[in-house]
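Worksheet: one structure, shown below.
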Amino acid sequence: MTARIILAEQEYRDRVYACWLGKNIGGTLGAPDETKKYTHSLTYYDPLPDKSAPNDDLDLQLVWLVMLEKEGLPPRLADFGRYWSTYLWRYPWNEYGFCSRNLARGLMPPISGWFENYYVDEMGSPIRSELWACIAPADPQTAASLAWMDSALDHAGGEGTYGEMFWAAVESAGFVLSDPLELIRIGLAMIPPACAISRVIREVVWCWQHGIRYDDARERVTRIYWNEQPCNAIPNHGYTVAGWLYGQDFGDRLCKAVNCGFDTDCTGATLGALLGILGGTGGIPRQWSDPIGAEIVLHEFTGDCGVPRSLGDLTDRTVALARRLAEINGGPTAFGAAASLPADLRTSLYRNEKAFAALAQDVRCGSAVDRDLELFLHYHGDPVLYPGIARRMSLTCRLHGVEVQPELALLEGPVGWQAEPVDVGDGLAWDVTPPAYEQAVQLKITVSVQGAAYNAAFTVLSPNEAQGYPNGVQSTVWQPGMAAVPASGKRVEISFGPRGA
């Protein structure tokens, strides 16, 4: 049996603090040039700040931290949807806007993450990796599996998911390893080898190992992986890795990543967080930390839910969650007065069964929670049914995170709908046939598990309600105060510019 990895509590806490500090530094450095698709020549902040820049890169993770504190560990997909709808719906940009649109229509993750969402390959989820790494330190596969859950909200099935899983694993392993190439290999072990995120990272590593100059490596990434969207995750992952490998020290690495252009606040913030984990506060020069201080400056779109307002508070609460997860997870990591690393440390860090299991989950389903039971309705396609055409739908359930088989299950639709039970062995399935219908409807499910009754409702859209959405434009969103399915059914057309504009 593999011995547990013991992290020294004080050193671990210092690295967590440095992670959040580095995140703010890199995000503040890159914020003024965000979405500019050309190279820059920064060597320091320009302009010089007197506090950190507000950034969705950090704020969304602050809301997840509150969610974990209030709802418990491990998280549940439906909780992500509920907290987004309550505290983050004001974020309009790209995948965020389409996530809010889907949640407002009653489509819960993971189907909320991809349906009619052109932006599944964007940076909105890779920038949320640090929380999972910090609460699962030295446990990359757990960090990657948690990152999958997070990304399913607004990037399910897209490159954004692979990016968040990659960085969560790299940052988690960074608490006990420092070699960039080995950390990159661990991150790549968690994601599909043929995905574009994997290919662009391998390209930058190849350039670095074969003596290709930094400028030429940047141009190769831009030429091969160019995208019209400046926040597309694929080239931006190449830029972040290029800054890490080609840079000479903390500041030079951040500047090289940001100087590649495109989604500069995200590339700088992610790399700054990683460098913080690797070097702790002692690895961050005062010239970089002093101008921004320790205050957390919230973005105006972040709802008030009791998030931390200082890096110290954020660190304390992150560490508390990590201790709680270590207790319930039974994973490889524990905390003590002094560090103790097992001889087979690297074998443990390369384990990826949990990451593979996360990737194998069905993204064509919606999630719901009733008390301690999670219910997943598998649409077996788009969440749209066509009149007179039967569609097979199935149900799976998890009780306290463990899949269970209900003793009884009933699916009910509106008057005139047919839901015929189908024998599929151990599973629960129905052939659902609707009549003509104009609006979104709810399918109600009642199940009995271990003698207790549970209820959930899932949304099905009519063909009229799901006519697609043109690529490369912003979303239609619901009015403020949205519920899961707005009572009025009234949409408001709002146009927004690129993220951060």
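What follows draws every value from the coordinates through simple rules; no lab data is involved. Here the structure is a predicted model, which means the values were calculated and not measured. With ideal geometry, Cβ positions are generated from the backbone for all residues, glycine too; neighbour counts draw on all protein chains shown.
At a glance:
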read-out	value
Share, in percent, of DSSP beta bridges within the stretch 5-359 that are antiparallel, nearest 5	50 percent
Loop-resident sites, the stretch 133-229, for chymotrypsin sites (Phe, Trp or Tyr not before Pro), counting at most 12 other Cβ within 10 Å (DSSP)	TRP226
Shape metrics for the stretch 262-331, restricted to C-alpha atoms - Rg then Dmax, Å	14.8, 41
Fraction of alpha-carbon pairs over 19 Å apart in the stretch 52-112 - percent	30 percent
28 Å Cα-Cα threshold exceeded, pairs from LYS23/LYS70; LYS51/LYS256; LYS36/LYS70	LYS36/LYS70
Cα centroid separation, the stretch 5-75 to the stretch 270-339 (Å)	8 Å
Degrees separating the helix 140-155 axis from the principal Cα axis of the chain, which is the longest one	60 degrees
Residue (of VAL176, HIS155, ALA440) at the positive-pole extreme of the chain, dipole from beta-carbon charges	VAL176
Charge-dipole axis of the chain as Lys and Arg at +1 and Asp and Glu at -1 on Cβ define it, positive-most pick from GLN141, ASN102, TRP226	TRP226
Only Lys, Arg (+1) and Asp, Glu (-1) charged, at Cβ; the chain dipole about Cα centre in debye	260 debye
Two-site FRET efficiency, HIS400 against VAL424, from Cβ-Cβ distance with R₀ of 30 Å, rounded to 0.05	0.75
For the stretch 89-186, size of Cβ-based charge dipole, Lys and Arg +1, Asp and Glu -1, in debye	360 debye
Highest-first arrangement of 337-349, 116-128, where packing means the average Cβ count within 10 Å	116-128, 337-349
Segments 235-242, 193-200, 278-285, 38-45 sorted - mean Cβ within 10 Å per residue, highest first	235-242, 193-200, 278-285, 38-45
Spatial extent of the stretch 365-468: Rg and Dmax, with the Cα atoms as the point set, Å	13.6, 42
The chain: relative contact order as a whole-number percent, Cα under 8 Å and 6+ apart	24 percent
C-alpha long axis of helix 233-246 to longest principal axis of the chain, angle in °	20 degrees
Principal axis dimensions, the chain - Cα atoms, whole angstrom, descending	68, 53, 43
In degrees, nearest ten, helix 56-71 long axis to first principal axis of the chain (Cα)	60 degrees
